[in-house]
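To keep things clear, I will list the structure first and then write my remarks on it.
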Amino acid sequence: MKVHYVLDVDEVPEGGHAVVTIEGKSIGVYRINGAYYAINNYCPHQGAPMCAGLVSGTTLPSDVYEYEYGKKGEILRCPWHGWEFDIRTGKSLFSEKIWLKTFEVSVLDGRIGVQLQRT
């Protein structure tokens, strides 16, 4: 599969992202704990620009009367309706049936590459 090299690694700061267009598709490239992830910049609900959403964490399963916060910097919230997705996997936090499309990412010679077709 073809890899599109779109950014230098220093163009995406730790905890940040950049939006690129590849073959007419808007794609967000995120850097989390030194690793790069690419997501479709389109919410599966009603088409909001996902990369305009807030990146945060979420509450984790815990005992009654306990509050455990985790996945800091790994959760993307849709800017229109608040639907939450794990940036690393594309999985929604509310349904096993809804996903945010993700793409394979590679780094070669300081350049970030995105593969549109999943293997």
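The values are calculated or read from the model by the stated rules, or taken from the named source; none is laboratory data. Just so we're clear, the structure is a prediction, and the values are computed from it rather than from any experiment. Every residue, glycine as well, gets a Cβ built from its backbone with ideal geometry; the counts of neighbours run over all protein chains shown. Ligands, DNA and RNA are excluded from the accessible area calculation, which covers all protein heavy atoms including side chains. Shrake-Rupley method; radii C 1.70, N 1.55, O 1.52, S 1.80 Å.
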Discussion item. Given a 10 angstrom Cα cut-off, can you work out which residue in 60, 76, 93 is the most mobile in a GNM of the chain?
Written reply: 60
Practice prompt. Would you mind checking 71/101; 2/71; 2/72 for any pair whose Cα atoms are more than 26 angstrom apart?
Written response: 2/71; 2/72
Worksheet, complete the sentence: Largest fluctuation, 11, 23, 74 only, Gaussian network model of the chain with Cα springs under 10 angstrom, belongs to 23
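Residue 89 to residue 109: FRET efficiency via 1/(1 + (r/R0)^6), r the Cβ-Cβ distance, R0 25 Å, to the nearest 0.05?
0.40
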Worksheet entry | Considering only region 2-111, percent of DSSP beta bridges that pair antiparallel, nearest 5 | 100
Item to complete: Leaving ligands, DNA and RNA out of it, work out the accessible area of residue 111 with a 1.4 Å probe and give it in Å² to the nearest 10.
Response: 80
Worksheet entry | Interchain or long-range residues, amide H under 5 Å from residue 91's placed H | 86, 100
Practice prompt. Mind putting a number on the dipole of the chain about its Cα centre? Charges go on the C-beta only, +1 for Lys and Arg and -1 for Asp and Glu, and I need it in Debye to the nearest 20.
Written response: 420
Worksheet item: Counting only residues 5 or more places away or on other chains, whose amide H sits under 5 Å from the amide H of residue 41 once H atoms are built in the peptide plane?
Response: 26, 27, 28
Worksheet item: residue 21: accessible area at probe 1.4 Å, nearest 10 Å²?
Response: 100
Fill in: the chain - percent relative contact order, Cα under 8 Å, separation 6 or more
26
Discussion item. Charges on Cβ only, +1 for Lys and Arg, -1 for Asp and Glu, centred on the Cα centroid of the chain; of 38, 52, 98, which one is farthest towards the dipole's positive end?
Written reply: 98
Fill in: Most mobile listed residue (63, 86, 109) in the chain, GNM with C-alpha springs under 10 Å
63
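Between residue 5 and residue 52, what is the FRET efficiency for a Förster distance of 25 Å, r being their Cβ-Cβ separation, to the nearest 0.05?
It comes to 0.50.
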Discussion item. Give me a comma-separated list of calculated 3J(HN,Hα) values for region 58-74, in order, Karplus coefficients 6.51, -1.76, 1.60 applied at θ = phi - 60°, integers in Hz, x for any Gly or Pro.
Written reply: 7, 7, 9, x, 8, 6, 4, 6, 10, 10, 10, 9, x, 6, 4, x, 10
Practice prompt. Just read off the accessible area of residue 112 with the full protein assembly in place, 1.4 Å probe, to the nearest 10 Å².
Written response: 0
Worksheet item: Amide H to amide H under 5 Å from residue 7: which residues, 5+ apart in sequence or cross-chain, H placed 1.01 Å off N in plane?
Response: 112
